[in-house]
Ligand SMILES: Cc1cc2nc3c(=O)[nH]c(=O)nc-3n(C[C@H](O)[C@H](O)[C@H](O)COP(=O)(O)OP(=O)(O)OC[C@H]3O[C@@H](n4cnc5c(N)ncnc54)[C@H](O)[C@@H]3O)c2cc1C
């Protein structure tokens with residue numbers, strides 16, 4: 001079959017890799033000038049670095065198996081992170097259960113309640129039973145008002161901006177569960193995985209296999225229209241119009257609603273109900289180290305970023321020639337900060353960095369990069385399971401596999417790869 005895949009991110013490339021291996025003729029369309037989607041990487045020093053920070057957890061078994069299948073397992077390394085939280089102008093350790101017990105901004109009783117809330121999350125099996133409750137209500141009920149106001153309210157706000165009060169308890173439940181499960185038997189020791197040379201190596205390898213199987217990857221080739229005529233799909237893109245037997249769309253449901261023609265209004269409206277938050281991510285290549293930790297959560301609503309990540313404090317095997325720091329901010333795409341020019345964002349972020357780290361000097365910045373993406377995080381609001389569109393669309397042969405459909409899991413490479421594998425199961429193997 002001639003199959004068009006829209007999007008050369010983790011989902012699209014995994015589907016393309018598997019379908020090529022099954023003997024299908026695959027064409028992957030990508031609107032950007034590089035492959036990888038949210039896992040795309042840029043050259044830094046003598047190495048490659050993700051435009052948005054990435055690590056994996058020990059229970060991300062799908063991606064770990066794929067890394068093995070692609071023969072890259074020797075390059076996947078596991079590191080122990082050190083996490084802190086910035087609150088009330090102070091940096092507190094925030095990695096182990098003991099750190100939580102010693103967390104002075106909260107009263108002792110609130111610390112115990114917060115610890116129990118995180119531990120108990122592992123035992124919630126029926127996530128549908130909590131999906132109509134907001135994260136706010138769920139946290140206050142279990143962890144108390146003090147713990148919500150001090151720690152979780154600024155975090156939910158920094159991730160979901162104007163929609164933070166609508167977020168489902170399922171989303172926060174899943175976060176607690178996930179973080180706890182990368183600890184293994186020794187709960188005080190968390191392990192995070194990273195690939196030598198960045199995760200893009202996985203996707204480059206998939207792309208090589210697609211091309212070797214006479215498939216094609218078309219970069220800089222945004223798809224503007226998908227329609228069906230006489231059982232054949234027509235794809236209109238920047239480079240022209242081509243025909244296919246089947247189409248897999250891996251960008252957001254809302255994007256699909258704007259390019260597909262010939263679908264009913266009811267279906268198109270349902271695709272537009274799922275919203276995404278955008279992300280601005282600044283990478284700093286520094287001459288000096290900023291902090292001793294890997295991950296700093298910033299729980300302060302005044303500060304324009306929510307995370308400070310010193311990537312080189314986790315990843316030891318690299319050739320960047322610099323200390324790498326990411327500053328991340330999620331926001332509504334309508335927020336005026338999203339469209340500010342790079343220099344204004346750099347100035348704003350750096351001015352706040354100086355307040356958190358008084359020893360930091362602007363002269364340490366060798367280079368900076370501002371990356372932004374419109375579709376960074378689906379807004380997992382209450383009742384989310386009732387909003388998710390199916391993989392099979394009303395147009396036979398057109399499939400939708402986006403990161404908004406992996407619920408109750410939250411976005412991550414593991415689940416994008418899983419979606420790519422699952423979608424390829426809809427097609428027979430021509431090799432048998
Ligand atoms: C800030 C940030 C941090 C993250 N951290 C982690 C982490 O630590 N660990 C982890 O595992 N995951 C992390 N993720 C999530 C992970 O990157 C995603 O879950 C995964 O990459 C999603 O892959 P995808 O293929 O489903 O979507 P995408 O990567 O979004 O791919 C969709 C592709 O479609 C393309 N496209 C859109 N419209 C069109 C069109 N009309 N024509 C052609 N192409 C089009 C887009 O350009 C894009 O390349 C993070 C994400 C972000 C934003």
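Tally time: how many residues in the range 40-51 are touching a helix residue (DSSP H, G or I) at 6+ places or on another chain (Cβ under 9 Å) and either assigned to a strand (DSSP E or B) or within 12 Å of residue 194 (Cβ to Cβ) (or both)?
4
Given (1) in a strand (DSSP E or B); (2) surrounded by fewer than 24 Cβ atoms within 10 Å (Cβ to Cβ), identify the lone condition not met by residue 54.
Single failed check for residue 54: (1).
Considering the range 318-347 alone, what residues qualify as being under 24 Å from the mean Cα position of the chain (by Cα) and part of a helix (DSSP H, G or I)?
Passing the criteria: 336, 337, 338, 339, 342, 345, 346.
Please specify each residue of the range 348-392 satisfying the condition of being in a helix (DSSP H, G or I), within 15 Å of the ligand (Cβ to nearest atom) and under 30 Å from residue 268 (Cα atoms). Lay out the reasoning, then the answer.
Going residue by residue through the range 348-392, those that are in a helix (DSSP H, G or I) are 348-356, 362-364, 384-386.
Now drop any that are not within 15 Å of the ligand (Cβ to nearest atom), which leaves 349.
The answer is none; no residue qualifies.
Among the residues of the range 403-424, how many are modelled with pLDDT of 95 or more and near the ligand (Cβ under 7 Å from one of its atoms)?
7
Give the residue that is surrounded by the fewest Cβ atoms within 10 Å (Cβ to Cβ), with candidates limited to residues of the range 57-74 that are over 18 Å from residue 13 (Cβ atoms) and away from the ligand (no atom under 16 Å from the Cβ).
Going through the range 57-74, the residues over 18 Å from residue 13 (Cβ atoms) turn out to be 57-59, 61, 73-74.
Narrowing further to those that are away from the ligand (no atom under 16 Å from the Cβ): 73-74.
On the way: 73: 12, 74: 9.
This residue is 74.
Being surrounded by fewer than 19 Cβ atoms within 10 Å (Cβ to Cβ), within 25 Å of the chain's Cα centre (by Cα) and more than 30 Å from residue 16 (Cβ to Cβ) is true for just one of 105, 97, 81. Which residue is that?
Working: 105 fails: within 25 Å of the chain's Cα centre (by Cα); 97 fails: within 25 Å of the chain's Cα centre (by Cα).
Result of the check over 105, 97, 81: 81.
Here is a list of conditions, (1) surrounded by fewer than 16 Cβ atoms within 10 Å (Cβ to Cβ); (2) more than 13 Å from the ligand (Cβ to nearest atom); (3) modelled with pLDDT of 95 or more, and residue 220 meets all of them except one; can you say which number that is?
It is condition (2) that residue 220 fails.
In the range 43-63, how many are more than 17 Å from the chain's Cα centre (by Cα) and on the phi < 0 side of the Ramachandran plot?
Kept after step one, since they are more than 17 Å from the chain's Cα centre (by Cα), are these residues of the range 43-63: 43-48.
Okay, now just the ones that are also on the phi < 0 side of the Ramachandran plot, so 43-44, 46-48.
Going through the range 43-63 one residue at a time, the tally reaches 5.
Consider residue 284 against the criteria (1) closer than 17 Å to residue 411 by Cβ; (2) in contact with a helix residue (DSSP H, G or I) (Cβ under 9 Å, 6 or more places away or on another chain): it satisfies all of them except one. Which criterion is unmet?
Against the list (1) closer than 17 Å to residue 411 by Cβ; (2) in contact with a helix residue (DSSP H, G or I) (Cβ under 9 Å, 6 or more places away or on another chain), residue 284 comes up short only on (1).
Can you tell me which residues in the range 1-29 are touching a helix residue (DSSP H, G or I) at 6+ places or on another chain (Cβ under 8 Å) and within 10 Å of the ligand (Cβ to nearest atom)?
Step one: filter the range 1-29 for residues touching a helix residue (DSSP H, G or I) at 6+ places or on another chain (Cβ under 8 Å), giving 3, 5-22, 26, 28.
Residues satisfying the conditions are 5, 6, 7, 8, 9, 10, 11, 12, 13, 14, 15, 28.
What residue, among those in the range 236-277 that are under 21 Å from residue 216 (Cβ atoms) and in contact with a helix residue (DSSP H, G or I) (Cβ under 9 Å, 6 or more places away or on another chain), is nearest to the ligand (Cβ to nearest atom)?
Kept after step one, since they are under 21 Å from residue 216 (Cβ atoms), are these residues of the range 236-277: 236-251, 259.
Those left that are additionally in contact with a helix residue (DSSP H, G or I) (Cβ under 9 Å, 6 or more places away or on another chain): 236, 248-251.
On the way: 236: 10, 248: 11, 249: 8, 250: 5, 251: 3 Å.
Here the residue is 251.
The values are calculated or read from the model by the stated rules, or taken from the named source; none is laboratory data. Remember, it's a predicted structure, so these values are computed and weren't measured experimentally. So basically every Cβ, Gly included, is an ideal-geometry build from the backbone, and we count neighbours across all protein chains shown.
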